[in-house]
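Novice: Before I ask anything, here is the structure I am working with.
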Amino acid sequence: MSREGWLNAALLLALVVVPGWALWADEPFTITLATRAVIFALAAVGLNIALGMGGLVSLGHAVFFGIGGYAMGILASHAQTYTALMEWPFVIEGTKSMPVIWLVAVAASSCAALVIGLLSLRTSGVYFIMITLAFGQMMYFFAISWPAYGGEDGLSIYVRNGFPGLNTLVPIQFYGICLAWLCIALLFYARLMRSPFGLALNAARQVPARVRAVGLDPRRLQLVALVISGGITGLAGALFADLNRFVSPSMLSWQMSGEIMVFVIIGGVARLFGPVAGAGFYVLLEHLLGGVSEFWQIFLGLFLLAVVLFGKGGLVGMIAGRRRDG
């Protein structure tokens, strides 16, 4: 097994050992921190499909993250107030069922990614970045001006949603759900990367003219990647809102898009466990330095600068060395 393979195994082991130790030591806050890191890693895996495989630098991924969060918040709020989400032409009730909420979150965020992709992929480079940023700000200000669901104050959910056979209010059980989704997403990313679609998408990122020459449309490949990416990020948003039992417009802000991108860059763009390393490092740094200074992001910025200048493979690249494809 390669050095990167051993590193990936160590990171996966840490995702099991750290919460297990926290459970044994009766440290529920550590489990909550680990849950936060796993959810952020899931969102970053979504972005890594668009950025790492498709070469799409998106500053609007908070749209999908926030849509997933609001899908959870809207459905759960109607369930807890016993009011119908829609009464005509047919009745749609709210729900506290996690599987149903996940399905709605993925579907809604994927549809949003499809619409945004159809418009933004007409451009490339800095224009693509600015259009995705514009969509993000549009959704952010729409959420602020939506008083039915809290507006600027956000929306609180009193009790965490349920999953059959589990007590999701127990931190370690909810962590297990989030970790299972992260493992599924990582496995999906690994299979996608080696699939004919993944190889074609990678070629479209590097030499789009040659992809067109063999009869494939690079934009269509990138659109599919963006839709998949949006769906995974939307799922992460629903889990994040469930973790906090709260959803607010901040989930749609450009700062959130920037944070998700930072997870990928710090961990390693196009690296399988790059999002896991980046999200874990971010949450750890926030926890250790957040109590020391409210300006802890300065240290994050310095580290990010060092990664960009001296370690283009991120944390995974600096430890495991250059990636060997195939």
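Novice: Among SER195, THR81, PHE65, whose Cα projects farthest towards the positive end of the dipole of the chain, with charges put on the beta-carbon of Lys, Arg (+1) and Asp, Glu (-1)?
Specialist: Final value for the positive-end residue is SER195.
Novice: Rounded to the nearest 0.05, what FRET efficiency do GLU152 and VAL214 give with R0 = 45 Å and r taken as the Cβ-Cβ distance? Could you check? Walk me through the numbers on the way to the answer.
Specialist: Working: r = 50 Å, r/R0 = 1.12.
So the FRET efficiency works out to roughly 0.35.
Novice: Tell me the mean residue ellipticity at 222 nm calculated for the chain from its helices only (DSSP H runs of n ≥ 4, each -39500 (n - 2.57), averaged over every residue, nearest 500).
Specialist: On the way: 13 runs with 226 residues, N = 326.
Computed ellipticity for the chain at 222 nm equals -23500 deg cm²/dmol.
Novice: Same structure again: For the chain, with a Gaussian network of springs between Cα atoms less than 10 Å apart, report the residue from PHE135, PHE65, PHE29 with the top mean-square fluctuation.
Specialist: Evaluated over the chain, the most mobile residue of the options is PHE29.
Novice: Using the heavy atoms of the protein chains and a 1.4 angstrom probe, tell me the accessible area per residue for region 29-252 in square angstrom.
Specialist: Details: 9950 Å² over 224 residues.
On a per-residue basis, region 29-252 sits at 44 Å².
Novice: Oh, and also: Give me the percent relative contact order of the chain, please, defined on Cα pairs under 8 angstrom at least 6 residues apart.
Specialist: On the way: 532 pairs, mean separation 107.0, N = 326.
Relative contact order of the chain: 33 percent.
Novice: 5 Å is the cut-off here: which amide hydrogens, built 1.01 Å from N in the peptide plane, fall below it relative to PHE246, excluding neighbours closer than 5 in sequence?
Specialist: When sequence neighbours closer than 5 places are left aside, the close amide H contacts are ILE157.
Novice: Another question, if that's okay. Could you tell me how far the Cα centroid of region 160-197 sits from the Cα centroid of region 224-266, in Å?
Specialist: About 15 Å separates the Cα centre of region 224-266 from the one of region 160-197.
Novice: Leaving ligands, DNA and RNA out of it, work out the accessible area of LEU289 with a 1.4 Å probe and give it in Å² to the nearest 10.
Specialist: 40 Å²
Novice: If you roll a 1.4 Å probe over the chain with all protein chains in place, what percent of the accessible area is carbon or sulfur? The partial results should precede the final answer.
Specialist: Numbers: 10880 of 15930 Å².
Roughly 68 percent of what the probe reaches on the chain is carbon or sulfur.
Novice: If you average 1/r over every pair of different alpha-carbon atoms in region 61-151 and take one over that average, what Kirkwood value in Å do you get? All intermediate terms of the calculation are to be shown ahead of the outcome.
Specialist: Working: mean 1/r = 0.0694 Å⁻¹.
Value: 14.4 Å, from the Cα pair sum.
Novice: If N is the number of residues in the chain, what value comes out of its Cα radius of gyration divided by 2.2 N^0.38 Å? Could you put the intermediate results ahead of the total?
Specialist: On the way: Rg = 19.6 Å, N = 326, 2.2 N^0.38 = 19.8 Å.
Taking N as the residue count of the chain, the ratio is 0.99.
The values are calculated or read from the model by the stated rules, or taken from the named source; none is laboratory data. None of these values were measured; they are calculated from a predicted model. Virtual Cβ from ideal backbone geometry, glycine too; neighbours counted across all protein chains shown. The area values use the complete protein model at the heavy-atom level, side chains included, leaving out ligands, DNA and RNA. Shrake-Rupley method; radii C 1.70, N 1.55, O 1.52, S 1.80 Å.
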